[in-house]
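Quick notes on the structure that follows.
Read-outs throughout are calculated quantities, based only on the coordinates presented, and are distinct from any laboratory measurement. Everything quoted here is computed from the prediction, not taken from an experiment. Because the Cβ atoms are built from the backbone with ideal geometry, glycine has one as well, and the counts that use them run over all protein chains shown.
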Amino acid sequence: MMSALKSPKQEFIGLMIENCKISGLDEISSEIIAMLYAEPREISLEELSKKTRYSLSAVCTAAKLIERIGLIKRIRKPGSKKAYFYMEKDMSVFSLDLMKRNYEKIIIPTKQKLPSIIEKYKKEKSERSRQELKIIENYYKEVLVSEEIIKNIIEMVNKMRNKLKK
């Protein structure tokens, strides 16, 4: 017996779901991301619920999480109380947004807070404090390296995007 033919969009959604799950996302989040990526326009929570066959409550909870991570964007339409969601289709823009967000929300605050924590406990004499401080100091060094890596990647992606525009 022949299986039902799928459309390119359905096959693509299946691939996206697999990729998201491999990246550690759960089933519902993976389906939401795949649906949003495959749609050229924003989709309401109700539409996502129908397309994924998950309850509105489950879709709402998953969408909020995915939005907080920065993978999707919530959009409000004038005159509507519904929440709509959209996913960036340009992978370089999407990747840049995630990197910039990590830089602003993690790297910068960590760089501001850790030096004072390190300084505060440098005077401690116990072996335990020295071991703990060494871990924290190494983390701080790794944050500084990560900052350089992120800056270099952002610069490289921007250069590549500018070349593509020419």
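With labels modelled as points extended 7 Å from the Cα through the Cβ direction, what inter-label distance (nm, one decimal) is found for ASN138 paired with GLU46?
It is 5.5 nm.
For LEU96, LEU56, LEU36, which order do you get if you count the other beta carbons within 10 Å of each Cβ and list the fewest first?
LEU56, LEU96, LEU36
Please rank ASP97, ASP90, fewest neighbouring Cβ atoms within 10 Å first, as an exposure proxy.
ASP90, ASP97
For the chain, build the charge dipole from Cβ charges (+1 Lys, Arg; -1 Asp, Glu) around the Cα centre, then report which of ASN158, THR61, LEU48 sits farthest towards its positive end.
Towards the positive end, the residue furthest out is ASN158.
Please report how far the C-alpha centroid of segment 9-52 lies from that of segment 91-127, rounded to the nearest whole angstrom.
32
Could you tell me which GluC sites (Glu not before Pro) in segment 122-166 are loop residues by DSSP with no more than 15 other beta carbons within 10 angstrom of their beta carbon?
Hits after loop and neighbour filter: GLU124.
Which residue, LEU48, LEU71, LEU15, has the most motion in a Gaussian network model of the chain that connects Cα atoms within less than 10 Å?
Maximum among the listed residues: LEU15.
So which lysines can LYS122 reach, going by Cα to Cα under 19 Å and dropping same-chain residues fewer than 8 places off?
By straight Cα distance, LYS122 reaches LYS111, LYS113, LYS134, LYS141.
Placing +1 at every Lys and Arg Cβ and -1 at every Asp and Glu Cβ, with all other atoms neutral, what dipole size does segment 91-165 have around its Cα centre, in debye to the nearest 20?
Roughly 140 debye for segment 91-165.
Take SER146, SER57, SER29, SER49 and order them by how many other Cβ atoms sit within 10 Å, fewest up front.
So the residues, fewest neighbours to most, are SER57, SER146, SER49, SER29.
Suppose every Lys and Arg Cβ carries +1 and every Asp and Glu Cβ carries -1, with no other charges. What dipole size does the chain come out with about its Cα centre, to the nearest 20 debye?
For the chain, the charge dipole is close to 580 debye.
Checking understanding here: applying a Kyte-Doolittle mean of at least 0.5 and a length along the axis of at least 18 Å (C-alpha), which whole DSSP H helices in the chain pass?
56-69
I need the phi-derived Karplus couplings for segment 83-88: 6.51 cos²θ - 1.76 cosθ + 1.60, θ = phi - 60°, integer Hz, Gly and Pro marked x.
9, 10, 10, 9, 10, 4
Would you compute the Debye intensity of the chain from its alpha-carbon atoms alone, equal scatterers and no solvent, and pass along log10 I(q)/I(0) at q = 0.18, 0.19 Å⁻¹ to two decimals?
-1.12, -1.18
Can you compute the helix-only [θ] at 222 nm over the chain? Use -39500 (n - 2.57) per DSSP H run of at least 4 residues, normalise by all residues, nearest 500 deg cm²/dmol.
It comes out at -23000 deg cm²/dmol, rounded to the nearest 500.
With a point put 7 Å past each Cα toward its Cβ, work out how far ASP26 is from PHE94 in nm, to one decimal.
2.1
Multiplying the sequence separation of ARG128 and LYS77 by 0.36 nm and subtracting their Cα-Cα distance, what value in nm do you get?
12.8 nm
Taking the chain as a Gaussian network, where each spring joins two C-alpha atoms under 10 Å apart, which residue of LYS77, LYS141, LYS64 fluctuates the most?
Maximum fluctuation in the GNM of the chain, among the listed residues, is at LYS77.
If the cut-off is a Cα-Cα distance under 18 Å, which aspartates and glutamates reach LYS151, setting aside same-chain residues fewer than 8 apart in sequence?
By straight Cα distance, LYS151 reaches ASP97, GLU104, GLU142.
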